[in-house]
Structure formats: structure tokens, C-alpha cells
Amino acid sequence: MLEAEHIGFRYGPHRPWILQDVTITVAPGEIVGLSGPSGRGKTTLAKILAGYLQPQVGQVRVDGHPLPRRGYCPVQLIFQHPELAINPRWRMVQVLTESHIPSREILADLNIEPGWLTRWPHELSGGELQRFAVARALGPQTRYLIADEITTMLDAITQAQIWQTVLAYARRHNVGVLAISHDRSLLARICDRVLTL
Amino acid sequence: MLSVHNLSITFTMYTTGLQRREFTPITGLDLDVGAGEVVAVVGESGSGKSLLAHAVLGILPRNARVAGEIRFQGELLTPERQAALRGKQIALIPQSVAFLDPLMRVGRQVRRAAELGGSDGTADAAQRAIFRRYHLPDRAANLYPFQVSGGMARRVLVAAAVVSGASLLIADEPTPGLHPEIVAETLRHLRELAAEGRAVLLITHDIGAALRVADRVAVFYAGTTLEIAAAADFTGKGEALRHPYTQALWRALPQNDFTPIPGSQPPPDALLPGCLFAPRCWLATPECHAARPPLRPVRGGWVRCIYA
């Protein structure tokens, strides 16, 4: 179980609270949706859940333990803009194998063409890069996935390709997913339940 | 108002040393937008949507070569005419607040757009009027771009484009990642502009948003127009649509089947001689791989498929 209890966060001691008393749980294999207007702290919560930010109040626990301070984080975050989440000085094969070697099936499901592996990030489109970001995050030690608007910038076919792969992977490996999106029909289609922040 | 015929754009790039490489991200692209009409251009990233906007505005980089013709109000758009018309008769509604000058108050930026559009001396009044029209409070004129909310920033961008008095507005990806209410408001603004007799070209990958506002939809794939259909053709299982790619795009929406077709768009440096969609098409025959199908009229729309 991924649990965040009574989370409070602000960027400085005298700054306004961005998140106050937010409690959220995601069970293994569960797909939970999160929506809400811009500026409510959805992305901040995503970063807290994945260990990129430390909350001032409350704690994030995975299966009863706090998030590890070093090593592979069992909660992986995928961002909206893959071009900002990929080292521009690495070829795509390095990006892909940063944490683990993804299986051939995953690459095939995500329609990652073998020819793309030797390319530089600037030679690929956003939709192509996002497939790499997804494959990179689906490592064997990933227990929970935070998907922050991962298909907002993509066309409907690429969106369906990516989500069908993620959903099948989550089902097979009992991975819990928190899907953040403004798209109500997408959340209604993929989620077991939807929360509003 | 705007008519694009057989447009191609070729880039020349240096790879290593003096070796030059050419690639053609847009080939045989056709589109027209009439006064009072919203035409949406949909397609995935890399399909040439934004390049089309840049070609119309004449702001392509210098290593780009343009072939084919672009006409505006019946006359050929030459580089000189583009320079004279952009910001006056043709205006861009850009994607994000990042297109505003971060160091200039938003009111001044809108006044500047009004001056460029020809309202010399009356720019102040024009700016105040356009702020009222888009429900921007007077005090917002004194704010810097980082101080306005996302929804307000969108209205500033629309205001800056409209205040010029342009008769053709090009909106480049104005909706992704926005809250549904702000999306609805932005789309309503585009519809109003068309109702005033202007022509609106909406560039987006979000087919759902496009269908809520557009009269017609042009579907781009790998730099060419595969289909131009009435928005009303996107219904049911997509039986009224003419091209297999358009049908696949429609069915892949989460509110429809959410089933993707496999494969991906071919890269611009490895285009095949035949139909660009043939490698992923379930109807493809050897003829499809032989030659690029022409754009032809079918059931009140246009399609680039020999089996439509």
C-alpha cells in the first residue's frame, strides 16, 4: 500500500501552504485517478509521493516503510514533458537502460522502434520520447507509478498505446498507479476510482 | 481566406563536417479556411502542424525551402506580403504564457499589438476595450506575465491576437493541460471570432477539443493531409470518416474504444514512395505501396486513400 497521510507542504517557513492535510492511498494493482484545477498542488503531491520533495507535515509510506533515501525508489514518477526528463547528452539507448534493461515485450507494446535507440533525444518527437520515459519507469522494483499528465501532449493513438501498455503491466505485476489528468473521459476509462484535489 | 495547395517544406542540415542532409517534413499538404469558419488541424507531434503555421506566417528558419502555394484572400503569399501582413491581417494565438515578454506588463504588450495592427493613437482605448471583452480586470494591465493565472494568461494571449484586427487567426495548441472550464472558454472565444467573420485555424493534437469548436477537421499525418472532414462526420464508430487513419484516431479516444493501432508515424527522413500510412494500414494492398494517393473528393470531404 502506498500511503500519504495528512501531508502538508510549503516552499518556505513563511510561504503559503500548497498542500494541507492531504491523505491519499493507492493499493497494489489499483488505478487511482486524481484531477483538480491548476494550482491545487497535483504535481507537488506527485513529487512528494515519489520522494522528489519532502513534506513538512506527514509522511509517505510504501508497504509500511518510509521511502528509501538512496537506491531505486519503488515509487516512480513519469512527467508531462519527457524532453525535460531525459538527459539531452545521452543517446536513447542510455536513457532507456538507465535503471534496468526493459524487456522486448515492453518495447514492442510501446512501439519503440529499434532504430530510435541510436538517436539523440532532440531527434525524436515528444510522443516518441514519452514511450522511453514509460519503459524506463517500469522497472522490476517499481511498485507504484505516478503518471502526471503523461499523455496530455500526445495524440489519441499514442495515448491509447501508452496507457494500454501501462495498464497491462500494472495488472500483470500488481503495480499501483496514480493517474493525474484534466481529461475526465480518460480517468473514467482507466481508473478504479477518481479523487479531486 | 487562406488556401494552401501542395505545400512542401524541405530542410537542409549539416550533419558532420560539410556533409549536408535534406529532409522533407511536409509533402503535398492541402488546406483551406474560409471567412467565418473554424478549421482544425489535428495530428500527432511531428505531423507538420506547427510547421504549417510557421509557413503561413513566414517565420520558418533560413535553412527551410518552401514549394507549392499559399494564398491569402486570393493572392499569393510572398515573403514580402507575409512580413507586411503578420501581426496585422494574420495573427498567432500561441501555445503558452512563455510567448509573452516576461519583463513587460501585459497591458503594454496588448497595446503594442494594437499599435502594430494599425490603431495608432487609439491603442490605449483598444487595449481597454479588448480587456473588457475578455473579462480581464483593468488592474490586470499592470501585471507582469508571471503574476497572472493560467486562465488569465490565455485570455491575454487571445486579446493580443484579436486586438490587431486580424482576419485570419492561427491558434497553435491553445488547450492542452488546461482545466476543462478554461478549455471551454478558449474554444468559445475561437467560435466567437469566426462568428464575426474571421477565419480561424486551430492547430491541436486534441481531437476532442477540435470537434467541440471546428466546422471542418483536417487530419495530418507525416507531413501530409490524409483527410478533410466535416466535424459532424466524427460520430458513432467513425463509419462516415473516409481515411483508415482518421477512423483509428477516432476509435482510440478514451470515450470511444480506447484501442490503439500498432506502429508509429514514419520519420521525415525515411518516407516511402507510397501512401504514408500504408505500413500501418489494415486495408493496404500492393497498389498502396506503389504511389502516393492523390487528395480527392469523397462524400463531401477530401481524402488521400485509393479505397475510400
Please go through region B:81-107 and pick out each residue that is more than 21 Å from B:His189 (Cβ to Cβ) and either in contact with a Ser or Thr (Cβ under 6 Å, 6 or more places away or on another chain) or in contact (Cβ under 8 Å) with a residue 24 or more places away in the chain (or both).
B:Gln82, B:Ala83, B:Asp101, B:Pro102, B:Leu103, B:Met104, B:Arg105
How many of the residues making up region B:11-60 are in a strand (DSSP E or B), more than 14 Å from every other protein chain (Cβ to nearest Cβ), in contact (Cβ under 8 Å) with a residue 60 or more places away in the chain and closer than 24 Å to B:Leu193 by Cα?
5
Residues being more than 17 Å from the chain's Cα centre (by Cα) and of a type in the set (Ser, Thr, Tyr) - total across region B:72-103:
1
Please identify the pairs in which a residue from region A:102-123 that is more than 9 Å from every other protein chain (Cβ to nearest Cβ) has its Cβ atom under 8 Å from the Cβ atom of a residue that is part of a loop (DSSP other than H, G, I, E, B) and β-branched (Val, Ile, Thr), counting only partners at least 6 apart or on another chain.
A:Pro121/A:Ile86
Residues that are touching a helix residue (DSSP H, G or I) at 6+ places or on another chain (Cβ under 8 Å) and of a type outside the set (Val, Ile, Thr), drawn from region B:29-47
B:Leu29, B:Leu31, B:Gly36, B:Glu37, B:Ala40, B:Gly43, B:Glu44, B:Ser45, B:Gly46
Can you name the residue in region B:133-165 that is in contact (Cβ under 8 Å) with a residue 40 or more places away in the chain and over 28 Å from A:Met153 (Cα atoms) and is also farthest from the other protein chains (Cβ to nearest Cβ) among such residues?
B:Gly165
For the subset of region A:149-178 comprising residues that are aliphatic (A, V, I, L, M), under 15 Å from the mean Cα position of the chain (by Cα) and more than 22 Å from B:Ser45 (Cα to Cα), which member is farthest from the other protein chains (Cβ to nearest Cβ)?
A:Val175
Go through the residues of region B:270-282 one by one and say whether even a single one is away from every other protein chain (no Cβ under 14 Å) and either in a strand (DSSP E or B) or among the basic types (Lys, Arg) (or both).
no
Which of the residues belonging to region B:172-202 are closer than 30 Å to B:Ala270 by Cα, touching a helix residue (DSSP H, G or I) at 6+ places or on another chain (Cβ under 7 Å) and surrounded by fewer than 24 Cβ atoms within 10 Å (Cβ to Cβ)?
B:Asp172
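Kindly indicate whether B:Ala184 is without any contact (Cβ under 8 Å) to a residue 60 or more places away in the chain, among the aliphatic types (A, V, I, L, M) and farther than 30 Å from B:Phe234 by Cα.
Working: without any contact (Cβ under 8 Å) to a residue 60 or more places away in the chain: yes; among the aliphatic types (A, V, I, L, M): yes; farther than 30 Å from B:Phe234 by Cα: no.
The answer is no for B:Ala184.
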Restrict the check to region B:225-235 and report whether at least one residue is within 14 Å of chain A (Cβ to nearest Cβ) and touching a Cys at 6+ places or on another chain (Cβ under 6 Å).
no
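Each value in this text was obtained by applying a stated rule to the coordinates, not by laboratory testing. Quick caveat: nothing in here was measured; it's all calculated off a predicted structure. As a convention, Cβ positions derive from the backbone with ideal geometry for all residues, glycine included, and neighbour counts pool all protein chains shown.
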